[in-house]
Amino acid sequence: DQPHAELDLAPALGAGVTVSVFDTLDAAMADLTFAVATTARPRGMEKPVLDAPGAVTALRTHGGRCGVLFGGEKSGLPNEAVSLCDAILTY
């Protein structure tokens, strides 16, 4: 699946940063080799739990295409979405 929208965030975040919007989570994660789920709690899953600096290091040093998964402001990410990721970023 192709993204149905792409936003150039270079003016706000720096050169080379693009955000793509997909219709489904599966489509968004299809080409990722490493993904981090943002959550306020570790959820008891057997995944590495990283702080912000640790997540940045993991994303920068991992080979391939990486992504960060954000949930809704009020409810966060469902467990099913977190389970698809390789690590958890708590903040």
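The values are calculated or read from the model by the stated rules, or taken from the named source; none is laboratory data. What you see is a predicted model, and the numbers here were worked out from it, not measured in a lab. Every residue, glycine among them, receives a Cβ derived from its backbone with ideal geometry; neighbour counts consider all protein chains shown. Heavy atoms of the whole protein, side chains included, go into the accessibility calculation; ligands, DNA and RNA do not. Shrake-Rupley method; radii C 1.70, N 1.55, O 1.52, S 1.80 Å.
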- So, counting K/R as plus one and D/E as minus one, what does the shell of residues with Cβ under 14 Å around T33 add up to? 0
- Message: Quick one: 3J(HN,Hα) in Hz for the stretch 56-68, Karplus 6.51/-1.76/1.60 with θ = phi - 60°, rounded, Gly and Pro as x.
- Response: 4, 4, 4, 5, 6, 8, 6, x, x, 8, 10, x, 10
- Message: Could you put F34, F22 in order of accessible surface area, largest first, with the 1.4 Å probe and the full protein assembly present?
- Response: F22, F34
